[in-house]
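The values are calculated or read from the model by the stated rules, or taken from the named source; none is laboratory data. Because the structure is predicted, anything quoted here is derived from the model rather than measured. So basically every Cβ, Gly included, is an ideal-geometry build from the backbone, and we count neighbours across all protein chains shown. These accessible areas exclude ligands, DNA and RNA; they are computed on the full protein's heavy atoms, side chains included. Shrake-Rupley method; radii C 1.70, N 1.55, O 1.52, S 1.80 Å.
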Amino acid sequence: LPPRHMDSVVEIVEALESTDRGFTGTVPELARALGSCSTPGCRAVLGEPPDVPPAPPTLSHEQWLLFTQLLRHDAAAPEGGAVLAPDGSTVALGPLLAGIEVGLKRVSGWPIPTVEPPVDALYAVTITEALGTSFLLARDGDGNRTTLGPGGCWDDVDNPQNYTLLGPPSLVPDAIANGAMDGVLLGAHLARAPIPLADLLRGYYGTGNGTEKGRLPSSYRRRDFGVLTGPGKLEEEVAAMLRVLRVLPPTQELLEDVGPEEVVAIAHQAARDFMEVYVDCPAIVPRCMWGARPYRGTPKPLTLPLESIYIHHTSTPSTPCRTFTACARAMRAMQRFHQDTRGWDDIGYSFVVGSDGYLYQGRGWHWVGAHTKGYNSKGYGVGYVGDFSATLPDPDTIALVRDELLPCAVRTGRLHRNYTLRGHRQMGRTDCPGNSLFQEIETWHGFK
């Protein structure tokens, strides 16, 4: 089959939009016919799905097979309809196309069925049903039921075919969260300014434009979703969706012993946790996605929370990496150098900062690194890819650590509230993290 990549999806959408032979309706309606919107809440909002049409003649047999596989809903594996996007994130097509369908209906004046109590259709078909149900099911468990996540990894980022989760699945794994946020953003965009769907997807995900074009709009999804959604909106919509599920026959039983106050409490926690994990904290690319070699030996655990953070620049590579492909290549090169030349067990940094909008996991949150000699067990080492002796990272790359990673590390109990922040040069004989970056971090909270 074609790779499970957003490029393949855009090619399919383009072929479907190029003709009406044997295909009526919109691409999102076709997706719904194939099973992408088969949950009770989604059906209540968008209506019963159309009948499955015969395979459109504009698609190859393999393309049609891939499209039907990606849109077949499986409650036991909600991440099954996921594809790899050029920015290195993984996106579930179901919530993405459902949000786009709401946007198309709004702009064209087609009626969206009204449900009682009323809900915002854009959030209802993308995120609030899955999110509310996930936290509803967890409320009377033993506390071990997963409510959000996990992420996962592809077997081959150049030809992705199989996606494997990195832990026990929830109803909102990372792929569903990404697809839902994108569905809200692109649905809202279409409702204002309709354009062909293939053009919309190509512009947002940067498909087919080579790999060195700079930061992609999709890498801003967390920031943009947070701005569009605003405080309180997600909580209101989860609560409204739970009230709808209470009156739908397939889900009545789930909510028969849940009082109005408990609905509000569930919605509050669900919205708060979702925003913390997927909006307030930055996305971190796991080791398996950048192609890490195994750790040599046995890693030593850190004792959390840590007291310090040490800022580095990589110096080599000396150029910032602005795409997933370039940043993953830089990570592999640094790991080879640290393991083969320096003789270390692994890449030394805890986290590495790309200029593509993503952090890359080195040793990560829990293991002692090799970044700041004599202080590796006392703090995290965060390295910016590039040489920042004379220039600074982009403003939003600076903000990725200053305004997102550090507050997130404090909130999640990994970094002490009164942490100390220092440049590598303060702890040893080195110019790192470069004069420009050092002058910048002198203005940050916690610098000593």
Hey, among Thr325, Thr316, which residue is within 19 Å of the chain's Cα centre (by Cα) and open to solvent by 10 Å² or more (accessible area, probe 1.4 Å)?
Thr325
So which of Ala15, Ala33 ends up being in the same structural domain as Gln252 (by the TED database) and in contact with a Leu (Cβ under 7 Å, 6 or more places away or on another chain)?
Ala15
Give the residue that is nearest to Ala98 (Cα to Cα), with candidates limited to residues of region 118-128 that are within 18 Å of the chain's Cα centre (by Cα) and not aliphatic (A, V, I, L, M).
Thr126
For residues in region 26-38 being under 22 Å from the mean Cα position of the chain (by Cα) and assigned to a loop (DSSP other than H, G, I, E, B), which is nearest to Phe67 (Cα to Cα)?
Ser36
Does Gly25 satisfy the criteria of being open to solvent by less than 20 Å² (accessible area, probe 1.4 Å), at positive phi and not β-branched (Val, Ile, Thr)?
no
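Conditions tested, residue by residue: (1) open to solvent by less than 80 Å² (accessible area, probe 1.4 Å); (2) in contact (Cβ under 8 Å) with a residue 60 or more places away in the chain.
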site: His5; (1), (2): yes, yes
site: Ser18; (1), (2): no, no
site: Ser36; (1), (2): yes, yes
site: Thr58; (1), (2): yes, no
site: Phe67; (1), (2): yes, no
Restricting to region 277-303, count the residues that are open to solvent by less than 60 Å² (accessible area, probe 1.4 Å) and of a type outside the set (Gly, Ala, Ser).
13
Please go through region 38-56 and give me each residue that is surrounded by fewer than 18 Cβ atoms within 10 Å (Cβ to Cβ), closer than 19 Å to Thr251 by Cβ and in contact with a helix residue (DSSP H, G or I) (Cβ under 8 Å, 6 or more places away or on another chain), ordered by number.
Pro40
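Could you tell me whether region 260-280 includes any residue that is in a helix (DSSP H, G or I) and either within 22 Å of Pro320 (Cα to Cα) or among the aromatic types (Phe, Trp, Tyr) (or both)?
Initially, region 260-280 is screened for residues in a helix (DSSP H, G or I), giving 260-280.
In the following step, the residues that additionally are either within 22 Å of Pro320 (Cα to Cα) or among the aromatic types (Phe, Trp, Tyr) (or both) were identified as 274, 278.
Within region 260-280, one or more residues are in a helix (DSSP H, G or I) and either within 22 Å of Pro320 (Cα to Cα) or among the aromatic types (Phe, Trp, Tyr) (or both).
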Identify all residues within region 266-283 that are touching a Phe, Trp or Tyr at 6+ places or on another chain (Cβ under 7 Å) and within 22 Å of Ser218 (Cα to Cα); write none if there are none.
Val279, Ala283
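Restricting attention to region 400-417, does a residue exist that is open to solvent by less than 20 Å² (accessible area, probe 1.4 Å), within 30 Å of Pro86 (Cα to Cα) and basic (Lys, Arg)? Can you show your working first?
Pass one, region 400-417, residues open to solvent by less than 20 Å² (accessible area, probe 1.4 Å): 400-401, 405-406, 408-409, 415.
With within 30 Å of Pro86 (Cα to Cα) added as a condition, the list becomes 400-401, 405-406, 408-409.
Cutting the leftovers down to basic (Lys, Arg) gives us none.
Scanning region 400-417 turns up no residue that is open to solvent by less than 20 Å² (accessible area, probe 1.4 Å), within 30 Å of Pro86 (Cα to Cα) and basic (Lys, Arg).
Condition check ((1) without any contact (Cβ under 8 Å) to a residue 40 or more places away in the chain; (2) open to solvent by less than 50 Å² (accessible area, probe 1.4 Å); (3) on the phi < 0 side of the Ramachandran plot) across all residues:
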position: Tyr204; (1), (2), (3): yes, yes, yes
position: Ser219; (1), (2), (3): no, yes, yes
position: Phe225; (1), (2), (3): no, yes, yes
position: Thr229; (1), (2), (3): no, yes, yes
position: Leu242; (1), (2), (3): no, yes, yes
position: Val247; (1), (2), (3): no, no, yes
Apart from one, (1) closer than 26 Å to Cys432 by Cα; (2) open to solvent by less than 10 Å² (accessible area, probe 1.4 Å) all hold for Phe274; the odd one out is (1)
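Go through region 250-259 and count every residue that is free of Cβ contacts under 8 Å to residues at least 24 places away in the same chain and either in a helix (DSSP H, G or I) or open to solvent by 100 Å² or more (accessible area, probe 1.4 Å) (or both). First the steps, then the outcome.
Taking region 250-259 as the starting set, the residues that turn out to be free of Cβ contacts under 8 Å to residues at least 24 places away in the same chain are 252-253, 256-257, 259.
Within this subset, residues satisfying the condition of being either in a helix (DSSP H, G or I) or open to solvent by 100 Å² or more (accessible area, probe 1.4 Å) (or both) are 252-253, 256-257.
Looking only at that region, the number is 4.
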Could you check how many residues of region 273-290 are of a type outside the set (A, V, I, L, M, F, W, C) and closer than 13 Å to Gly152 by Cβ?
2
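Please state which one of Thr133, Thr146 is β-branched (Val, Ile, Thr), part of a loop (DSSP other than H, G, I, E, B) and either surrounded by fewer than 24 Cβ atoms within 10 Å (Cβ to Cβ) or over 18 Å from the mean Cα position of the chain (by Cα) (or both). Steps first, answer last, please.
Numbers: Thr133 fails: part of a loop (DSSP other than H, G, I, E, B).
The match here is Thr146.
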Over region 349-397, the set of residues of a type in the set (Phe, Trp, Tyr) and over 20 Å from Arg223 (Cβ atoms) is Tyr349, Trp365, Trp367, Tyr375, Tyr380, Phe388
Name the single residue, out of those in region 291-309 being out of contact with any His (no Cβ under 8 Å at 6 or more places or on another chain) and hydrophobic (A, V, I, L, M, F, W, C), that is nearest to Cys153 (Cα to Cα).
Ala292
Do we have any residue at all in region 169-192 that's among the polar types (S, T, N, Q), in a helix (DSSP H, G or I) and in contact with a strand residue (DSSP E or B) (Cβ under 8 Å, 6 or more places away or on another chain)?
yes
